[in-house]
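Undergrad: The structure follows.
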There are 2 protein chains.
Amino acid sequence: MRMSEGVEWGLHCCVTLAWLEGEGPVSTARLAASFALPAAYLNKRLQALVRAGILTSTPGARGGFQLARAPERITLMDVVAAIEGTEDAFRCQEIRRQGAGAEHPVREFGRPCGISTAMRKAELAWRRELAAQTIADVAAGTPASAVEQTRRWFATERTHT
Amino acid sequence: MRMSEGVEWGLHCCVTLAWLEGEGPVSTARLAASFALPAAYLNKRLQALVRAGILTSTPGARGGFQLARAPERITLMDVVAAIEGTEDAFRCQEIRRQGAGAEHPVREFGRPCGISTAMRKAELAWRRELAAQTIADVAAGTPASAVEQTRRWFATERTHT
């Protein structure tokens, strides 16, 4: 089981946009260059974040992306769900009702499957942890020198275009 | 992100084998029939559980699979790891070192990436929850009537072959 690389891309872009708050929209091209990522693929991820209400998109030559709300109000869960979807990783197919189970009385399946319940419990622990951490938390954990360097890189890049 | 259906198959087979403890080995064909699963695919999952030391396999006409240890000592994490592998779902590609990051001094990357750390924290919460639940817990949560019916199904099936 592997999460799409788009999750890492999306999270890093959100953190970068948190550092660049107040500097205006940042284009896909600049975000892609800052991580050496393929711009077209990155754009699809950024559009998914727009659809999820995490980013806003401004069209035009000086357009680009900005956080749609304060980084304190964007959790890692929001970003993961926007990129990966909201379905559980474990999808119960109710195989207990097949084969031998097909001969059991239906009332026996009134209670949810114990395996499904147990797997859901773990999934919820994962979701709870992701929901407890925000883009602001991650942004705040980065050394100030790295943030400063990133901001400078984006400022310089802008004057060149 | 989706877990392989083999996880559900493997978990159900382990719970079934816990119910049938003391009845001798159970063949792939019988386990597959009991859930109406394709026997060849199921066998691959069962072999993975053997390699992980969760099941033992006995060859021969009356051979099959048994739990390798008490169901109290087999966690859901053991089964998920045996089928899905042990790697984290989120695989950090260190994109922070690319693009603009390539110009940063190496010492800046001495600390692990905050995003990677945050994602790992959630993954550990998920693993902890899976490791806290055993096959015995799930088996014990099933209504006695369903267990009895399953045991009867396997006993009958055996006399037919």
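The values are calculated or read from the model by the stated rules, or taken from the named source; none is laboratory data. Treat the numbers as computed from the prediction; the structure is a model and nothing was measured. Don't worry about glycine lacking a Cβ; one is built from the backbone with ideal geometry, like all the others, and counts go over all protein chains shown. Ligands, DNA and RNA are stripped out before the accessible areas are found, and what is left, the full protein with its side chains, is counted by its heavy atoms. Shrake-Rupley method; radii C 1.70, N 1.55, O 1.52, S 1.80 Å.
Undergrad: For the stretch A:7-39, give me the residue count where each residue is among the aromatic types (Phe, Trp, Tyr) and within 15 Å of A:Asp78 (Cα to Cα). Full working, then the answer.
TA: Kept after step one, since they are among the aromatic types (Phe, Trp, Tyr), are these residues of the stretch A:7-39: A:9, A:19, A:35.
With the extra rule that they be within 15 Å of A:Asp78 (Cα to Cα), the set shrinks to A:9.
Total meeting the criteria: 1.
Undergrad: Next up: Determine whether B:Gly53 is within 12 Å of the chain's Cα centre (by Cα) and not hydrophobic (A, V, I, L, M, F, W, C).
TA: Details: within 12 Å of the chain's Cα centre (by Cα): yes; not hydrophobic (A, V, I, L, M, F, W, C): yes.
Answer is yes for this residue.
Undergrad: Checking the conditions here, which among B:Thr150, B:Thr142 is more than 28 Å from A:Leu124 (Cα to Cα) and either among the aliphatic types (A, V, I, L, M) or facing chain A (nearest Cβ under 7 Å) (or both)?
TA: Working: B:Thr142 fails: more than 28 Å from A:Leu124 (Cα to Cα).
None of the other options fit; the residue is B:Thr150.
Undergrad: Can you find a residue in the stretch B:144-151 that is touching a Phe, Trp or Tyr at 6+ places or on another chain (Cβ under 9 Å), open to solvent by 40 Å² or more (accessible area, probe 1.4 Å) and under 26 Å from A:Glu148 (Cβ atoms)?
TA: No, every residue in the stretch B:144-151 fails to be touching a Phe, Trp or Tyr at 6+ places or on another chain (Cβ under 9 Å), open to solvent by 40 Å² or more (accessible area, probe 1.4 Å) and under 26 Å from A:Glu148 (Cβ atoms).
Undergrad: Of everything in the stretch B:14-42, what is touching a residue at least 40 places away in the same chain (Cβ under 8 Å), in contact with a strand residue (DSSP E or B) (Cβ under 8 Å, 6 or more places away or on another chain) and among the aliphatic types (A, V, I, L, M)? Give them in sequence order.
TA: B:Leu17, B:Ala18, B:Leu20, B:Val26, listed by residue number.
Undergrad: Could you say which residue among B:Phe65, B:Phe90 is among the aromatic types (Phe, Trp, Tyr) and modelled with pLDDT of 95 or more? Don't jump to the end; show me each part of the working.
TA: Values: B:Phe90 fails: modelled with pLDDT of 95 or more.
Matching residue, one of B:Phe65, B:Phe90: B:Phe65.
Undergrad: Given the stretch A:18-134, what helices (runs of 4 or more DSSP H) lie entirely inside it while holding 1 or more residues that are open to solvent by less than 60 Å² (accessible area, probe 1.4 Å), facing another protein chain (nearest Cβ under 7 Å) and closer than 30 Å to B:Gly141 by Cβ? Working first, answer last.
TA: Numbers: elements: A:28-35, A:39-51, A:76-84, A:114-131.
Passing ranges, in order: A:76-84, A:114-131.
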